[in-house]
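Everything on this sheet refers to the single structure shown next.
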Amino acid sequence: MPKVEDDASRPPEVQEWIDAELKEQQVRYETIVQEMNIDLAPQRDIWVQEFFERLQTRGTNVHSDMMRVVKKDEIPVRPDRPFKVVF
């Protein structure tokens, strides 16, 4: 199978537009990563803790309107690594 390469020559204005779009998308991506993995991290920890408390008090839906309270020893242990949002 022959090697596939992008040898298409682009007009300079098209290449400039592509470069500008790429730069804009990289800035947008870095902003999202900052917000999701750094700025929201303390609030996310609170949300996870509140969720685990609800599981232990109110329970979770098993079937239709049947609820089951989750025991404390069934709650997962938080790993030692940082929480990372993947999108």
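Each row is one residue, and each column tells you yes or no for (1) of a type in the set (D, E, K, R); (2) under 19 Å from residue 73 (Cα atoms); (3) free of Cβ contacts under 8 Å to residues at least 24 places away in the same chain.
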residue: 11; (1), (2), (3): no, no, yes
residue: 19; (1), (2), (3): yes, no, yes
residue: 35; (1), (2), (3): yes, no, yes
residue: 39; (1), (2), (3): yes, no, yes
residue: 50; (1), (2), (3): yes, yes, yes
residue: 55; (1), (2), (3): no, yes, yes
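Checking each residue in the stretch 10-29 for being within 19 Å of residue 84 (Cβ to Cβ) and either modelled with pLDDT under 95 or surrounded by 11 or more Cβ atoms within 10 Å (Cβ to Cβ) (or both) picks out only 29. From the list 37, 61, the one residue that fits, being of a type in the set (S, T, N, Q) and part of a helix (DSSP H, G or I), is 37.
The values are calculated or read from the model by the stated rules, or taken from the named source; none is laboratory data. It should be emphasised that the depicted structure is a prediction, and the values quoted were computed from it without experimental measurement. As a convention, Cβ positions derive from the backbone with ideal geometry for all residues, glycine included, and neighbour counts pool all protein chains shown.
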